[in-house]
Amino acid sequence: SQEEVARLLDGDGGGDVAIAAVNGPRSVVVSGAESAVEAVRATFHDRGSRTKRLRVSHAFHSPLMEPMLAEYTTVAAGVTYRTPTVTAVSTLTGEVLGNGDWTTPTYWIEQVRRPVRFHDALTTVTGPQGAVRLLEIGPDPVLTALAREAGHAAVATLRGGQPEPQAVLTAVADLYVRGADVRWAPLFEGTGARRVDLPTYAFCRERYWLPDHAVAEGGTETGPDGVEARFWDLVERGEVDALAERLGVSGDEALDTLVPALSAWRRQGRRELEQAARRYRVRWRPARLDADPAALPGRWLVATADPAGEDIAAALHQAGAEVDLIPVAATDTRADLADRIRATGHEPTHALVLVPSPGAVLALWQALSDSAPAARLWCATRSAQSVGAGDTPARPDEAAVWGLGRTLALEQPDRWGGLLDLSAHPHADEPQRLARLLAAPGDEDQLALRPTGVLAARLVRDTGASGQPAAPGGQPHSTRFHGTALVTGGTGALGRHIAHWLVDQGIEHVVLVSRRGADAPGAQELRDELSARDADVTLAACDVADRTALAGLLDTHPPTVVVHAAGILDDGLAADLTPERLARVLAAKAGAARHLHELTADRDLDAFVLFSSTAGVTGNAGQAAYSAANAHLDALAQHRRALGLPATSVAWGPWAGDGMAADPVVTTHLARLGIRPLTPDTALDALGRILDDDRTCATVLDADWARFAETTAYARHGSLLRELTAPAQQNARAAQGPEHATAGGGELATALHGRAPAERERFVLAHVRATVAEVLGHSSAAACRGVLGALGGAGVLLGGRGEFAQE
Ligand SMILES: NC(=O)c1ccc[n+]([C@@H]2O[C@H](COP(=O)([O-])OP(=O)(O)OC[C@H]3O[C@@H](n4cnc5c(N)ncnc54)[C@H](OP(=O)(O)O)[C@@H]3O)[C@@H](O)[C@H]2O)c1
């Protein structure tokens with residue numbers, strides 16, 4: 001205590017050591033000549049007190065300060081003082097400032113020489129002054145720790161080693177949850193953030209808390225009682241004293257240096273784990289087909305532009321099916337094909353289409369819905385997928401059929417069969433193997449037939465370059481570029497972030513390409529921002545789907561790095577898509593990518609990055625054209641790699657902020673599914689790592705698969721996501737009880753069985769309302785009465801409920 005220390009100092013005659021601060025009833029700082037201070041320390045140490053040596057530049061508040069007082073007095077006398085406008089408490093007196101206290105040089109001289117009475121000041125602030133929350137404004141949370149030790153609610157604005165915006169925002173949030181009144185408007189100004197209504201009624205057991213991002217999936221902090229988590233929390237907060245106490249060491253200087261380093265290491269490790277948890281890749285596993293295929297049932301329509309089609313039709317027939325064969329050309333329309341199907345005189349139960357273009361597949365899909373709506377469609381491509389090293393897609397264009405098909409599967413699962421990729425060079429027994437496979441696909445719907453066997457596509461976590469999950473403490477990514485980067489879509493929402501990121505990586509000249517060029521909204525501001533960072537900026541107006549125009553641009557600005565982020569959306573159900581709409585979406589993204597590939601093939605590029613989308617990998621109801629375009633990009637990257645050219649295609653999940661995923665209806669829907677938007681910083685950090693790891697294709701998505709499985713339990717899940725969703729889905733069903741043991745089709749039918757007609761209608765209406773409510777994110781069916789007519793873009797999402805519609 002202060003008294004004990006004072007007694008000791010008085011006994012020694014004081015000399016050149018003094019009390020410098022009284023921080024608490026049992027916490028006193030002594031300052032002065034080193035040997036004298038060490039003697040005091042030794043005495044108290046021997047008495048069993050905890051002591052700690054502070055690292056400071058001078059013996060502040062001790063007699064050793066006296067030589068500087070004369071000069072300090074002169075300086076202090078020259079300063080103009082003003083009376084404070086808010087109440088202040090003095091650490092010199094421990095009392096509220098008296099009139100004139102702070103405005104005299106004497107006060108400040110005393111401040112240098114006399115002890116800091118922090119404990120008294122704190123007692124005054126929290127006692128008579130009535131403060132209930134304390135905010136420390138200073139470079140490190142020193143006083144916060146002291147105030148918390150004394151049992152007060154204290155928050156620090158800054159923390160060594162933590163980015164300032166993060167530290168300040170954490171402090172604001174901390175104060176807010178402790179009841180402080182925060183003016184939020186200035187914080188969100190210009191960000192597009194808006195208020196949303198939360199229910200005013202009781203919460204009906206719904207969860208409204210934001211999901212916890214703090215711990216990446218697979219984190220290791222869930223010790224039995226969270227002891228470890230709390231320890232690391234102290235490390236991250238840099239709370240040295242609390243740590244010292246926990247570790248049972250006293251006055252350990254090593255902790256002062258070690259804790260900030262550990263804190264930085266810890267944060268870096270956390271980032272690595274979070275990044276690893278968001279990265280996925282498609283892997284091909286041996287398919288789990290039915291072991292003993294029966295005869296191929298049903299009547300099959302084989303629609304083909306491939307000469308092998310006839311052999312395949314014959315093999316299906318041999319396997320037991322009735323077969324009709326029709327030719328398909330890329331120019332055939334929906335009506336042409338519907339007529340051709342009707343002309344067979346039969347209504348098929350299945351269809352197999354072998355045509356390379358997504359346009360022809362779409363036309364056939366629509367024609368089947370007009371002429372044979374019960375038929376399940378299988379689409380075959382040839383060498384559009386890479387099932388592993390050494391198996392490269394020779395025909396990346398055909399991969400667009402995969403993107404399209406994945407979306408058709410989601411929109412109308414009852415009309416969907418599956419996707420099948422054949423080898424680049426057909427073996428003699430291919431037709432028979434194909435027929436066997438179609439007779440017994442099990443529940444696989446994305447397959448590749450190779451000489452070595454049948455493989456099935458699975459989206460799996462990408463465990464990083466080494467094949468191991470990224471470990472805490474890994475190095476930050478190290479990609480560096482130089483020269484000129486050509487960014488298509490460079491004036492779009494993501495283009496802005498990409499351009500800044502490229503400059504961060506060392507690019508000196510960015511060529512930002514879009515059709516509107518310098519006239520694009522925000523283009524001039526972006527140019528100014530980048531120029532202010534000493535980058536050369538060219539805003540180029542060019543339609544990248546126009547090969548000649550693009551060639552001219554590449555000649556004028558030869559790039560060292562290409563980033564293709566141009567693209568357009570044209571959402572709507574595949575049933576309503578026209579060939580022109582499909583072609584437009586494909587041209588801006590897939591067509592342009594092909595041009596970029598061909599026109600730069602003989603150039604020495606450091607990177608060729610394609611901005612693809614998860615819509616291409618998983619499909620997305622309402623985005624058949626967009627899915628097709630993106631799937632092409634992924635295969636093109638693989639194709640380029642096989643040619644020895646640089647290529648990286650990143651299939652992004654939705655990004656936060658502006659851009660293609662910014663529609664609030666879409667984001668609400670995604671949130672319900674457990675898909676969280678990626679912040680631009682996170683996404684670009686991931687991009688850097690993907691380039692470092694030299695990946696050809698990567699999917700970056702922030703998904704909560706348990707939630708995804710739970711909210712989509714109504715639907716038949718394709719085989720692609722099985723490894724991610726199956727465990728969670730089983731849990732969800734088990735939790736619902738035996739009456740829900742089978743998800744999807746039939747539940748409504750079962751519920752309707754035995755009801756009177758009038759009751760059925762009411763029941764169906766309630767079911768429709770409940771589904772609409774779920775899609776729109778309303779908490780109850782009553783909340784969306786009347787919205788069906790005004791659905792707009794959300795109607796597309798409902799289209800994704802194919803299973804529901806069929807029921
Ligand atoms: N935002 C997301 O959440 C997200 C998620 C996954 C993938 N992606 C992909 O990332 C890329 C950028 O997305 P974004 O959100 O930034 O979209 P955005 O804001 O709509 O930007 C798209 C850009 O592409 C340009 N563009 C379109 N067609 C073009 C053409 N034919 N020739 C030249 N430029 C053309 C547009 O400018 P003009 O209209 O002036 O031509 C615009 O600058 C897209 O390829 C998208 O598929 C985005």
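The values are calculated or read from the model by the stated rules, or taken from the named source; none is laboratory data. Model, not experiment: these values are computed from the prediction. For neighbour counting, all protein chains shown are included, and Cβ atoms are generated from backbone atoms with ideal geometry for every residue, glycine included.
Tally the residues that are among the small types (G, A, S), more than 9 Å from the ligand (Cβ to nearest atom) and part of a loop (DSSP other than H, G, I, E, B), restricting the search to the stretch 492-522.
Counting residues in the stretch 492-522 that are among the small types (G, A, S), more than 9 Å from the ligand (Cβ to nearest atom) and part of a loop (DSSP other than H, G, I, E, B) gives 2.
With respect to G442, determine if the residue is at pLDDT below 95, away from the ligand (no atom under 16 Å from the Cβ) and closer than 30 Å to A575 by Cβ.
Considered against the rule, which asks whether it is at pLDDT below 95, away from the ligand (no atom under 16 Å from the Cβ) and closer than 30 Å to A575 by Cβ, G442 comes out as yes.
Is at least one residue of the stretch 75-92 out of contact with any helix residue (DSSP H, G or I) (no Cβ under 7 Å at 6 or more places or on another chain), surrounded by fewer than 17 Cβ atoms within 10 Å (Cβ to Cβ) and touching a residue at least 24 places away in the same chain (Cβ under 8 Å)?
Among the residues of the stretch 75-92, at least one is out of contact with any helix residue (DSSP H, G or I) (no Cβ under 7 Å at 6 or more places or on another chain), surrounded by fewer than 17 Cβ atoms within 10 Å (Cβ to Cβ) and touching a residue at least 24 places away in the same chain (Cβ under 8 Å), which makes the answer yes.
Does the stretch 523-532 contain any residue that is within 29 Å of the chain's Cα centre (by Cα), within 15 Å of the ligand (Cβ to nearest atom) and part of a loop (DSSP other than H, G, I, E, B)?
The answer is no; no qualifying residue exists.
Keeping to the stretch 372-408, report how many residues are of a type outside the set (D, E, K, R) and in a loop (DSSP other than H, G, I, E, B).
Looking only at that region, the number is 14.
Test of understanding: among L296, L354, L289, L325, which residue is within 30 Å of T648 (Cα to Cα) and touching a Gly at 6+ places or on another chain (Cβ under 9 Å)?
Only one candidate qualifies: L354.
Any chance you could count how many residues in the stretch 560-585 are assigned to a helix (DSSP H, G or I), hydrophobic (A, V, I, L, M, F, W, C) and more than 11 Å from the ligand (Cβ to nearest atom)?
Matching residues across the stretch 560-585 total 4.
Tally time: how many residues in the stretch 630-674 are more than 8 Å from the ligand (Cβ to nearest atom) and assigned to a helix (DSSP H, G or I)?
22
Name the strands (runs of 3 or more DSSP E) wholly inside the stretch 283-371 in which the number of residues that are more than 24 Å from T618 (Cα to Cα) is 2 or more.
299-304, 322-327
Look at the stretch 678-719 and say how many of its residues are free of Cβ contacts under 8 Å to residues at least 40 places away in the same chain, buried (at least 20 other Cβ atoms within 10 Å of the Cβ) and in a loop (DSSP other than H, G, I, E, B).
Final tally of qualifying residues: 2.
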